[in-house]
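Everything on this sheet refers to the single structure shown next.
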Amino acid sequence: MSSDKNKVNPREEIQLQIGIIGDAQVGKTSLMVKYVQDIYNKEYTQTLGVNFLKKRIRLRSTDITLSLMDLGGQREFINMLPLATMDSYCILLLFDLTRPETLKSVREWYRQAFGLNKNAIPILVGTKYDLFIELDQDYQEEISRTCLKYAQIMDSPVIFSSSAYSINIQILFKIIIAKIFNLRLTISEISDIGDPLLIYKEFGNTHLNGS
Ligand SMILES: Nc1nc2c(ncn2[C@@H]2O[C@H](COP(=O)(O)OP(=O)(O)OP(=O)(O)O)[C@@H](O)[C@H]2O)c(=O)[nH]1
């Protein structure tokens with residue numbers, strides 16, 4: 001007879017789905033592949049429908065499997081939006097920092113996605129920060145201010161990232177986990193215009209999954 005000492009404690013296992021949406025070529029697949037496989041590819045391959053990748057992480061005594069669902073940004077795939085969002089705990093709304101029209105589109109992506117799933121935590125992610133910092137200061141200021149406005153309206157953290165240069169990729173997923181499990185993070189925020197914005201403390205705290 002085995003003693004209690006020898007008993008193996010079953011680890012708790014959790015599956016969490018995260019949806020990644022936004023216009024075509026904003027860098028959704030690149031972000032997902034960079035995070036999961038630490039690979040960045042300069043070549044563009046259009047996502048047809050939905051791509052998905054899994055990543056296992058450990059949080060204290062819990063094994064978490066993140067299922068990342070990346071929806072092709074062409075409008076023809078909009079019928080697959082429920083697959084990418086309905087069971088998601090967090091929905092990443094991506095736009096390309098160098099194409100303001102992709103930020104404008106976030107409003108419509110938000111409306112449609114959160115019409116399907118009100119409980120998810122939204123996170124606004126500006127991509128291609130490496131190209132954005134080459135653009136003029138006035139443009140950077142305008143985009144940053146517009147993002148903060150959207151963040152307030154959507155109650156969403158804002159993060160500027162670059163998959164090409166690994167900027168704010170790991171941190172983004174730390175913030176996602178912290179928001180889902182309502183954990184405190186000590187990572188400093190970045191709010192100066194021209195820097196890769198990282199504003200998460202005051203936003204994304206009131207959604208049901210995060211409570
Ligand atoms: N400079 C730069 N280019 C990037 C970055 N992230 C993605 N790209 C490029 O942008 C293009 C589009 O990237 P994807 O990740 O395929 O974009 P997507 O949003 O998945 O596109 P769809 O499949 O059309 O929805 C590719 O050529 C990428 O290499 C980045 O951080 N910096």
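One line per residue, one yes/no per condition, for (1) crowded, with 16+ Cβ neighbours inside 10 Å; (2) away from the ligand (no atom under 12 Å from the Cβ); (3) at negative phi:
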residue	(1), (2), (3)
Ile20	yes, no, yes
Ala24	yes, no, yes
Gly27	yes, no, no
Thr45	no, no, yes
Leu48	no, no, yes
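Those residues that are of a type outside the set (Lys, Arg) and either at pLDDT below 95 or out of contact with any helix residue (DSSP H, G or I) (no Cβ under 7 Å at 6 or more places or on another chain) (or both), I need them from segment 167-179; list them, please.
Taking segment 167-179 first, the residues of a type outside the set (Lys, Arg) are 167-173, 175-178.
If the condition is that a residue be of a type outside the set (Lys, Arg) and either at pLDDT below 95 or out of contact with any helix residue (DSSP H, G or I) (no Cβ under 7 Å at 6 or more places or on another chain) (or both), then Asn168, Gln170, Ile171, Leu172, Ile175, Ile176, Ile177, Ala178 are the ones that fit.
Looking at (1) outside any helix (DSSP H, G or I); (2) under 27 Å from Leu135 (Cα atoms), which one does Asn51 not meet, given that it meets all the others?
(2)
For the subset of segment 149-164 comprising residues that are more than 19 Å from Asn119 (Cα to Cα) and either surrounded by 15 or more Cβ atoms within 10 Å (Cβ to Cβ) or under 11 Å from the mean Cα position of the chain (by Cα) (or both), which member is farthest from the ligand (Cβ to nearest atom)?
This residue is Ile159.
Do the conditions hold for Tyr129, that is, is it without any contact (Cβ under 8 Å) to a residue 24 or more places away in the chain and touching a Pro at 6+ places or on another chain (Cβ under 9 Å)? Full working, then the answer.
On the way: without any contact (Cβ under 8 Å) to a residue 24 or more places away in the chain: no; touching a Pro at 6+ places or on another chain (Cβ under 9 Å): yes.
Criteria not met by Tyr129.
Which residue pairs have Cβ atoms under 6 Å apart, sit 6 or more places apart or on different chains, and have a first residue in segment 99-118 that is closer than 15 Å to Gln74 by Cα and a second that is in a loop (DSSP other than H, G, I, E, B)?
Thr102/Asp23; Thr102/Val26; Ser105/Asp23
The values are calculated or read from the model by the stated rules, or taken from the named source; none is laboratory data. Nothing here was measured: the structure is a model prediction, and the numbers come from that model. Cβ atoms come from the backbone with ideal geometry, glycine included; neighbour counts cover every protein chain shown.
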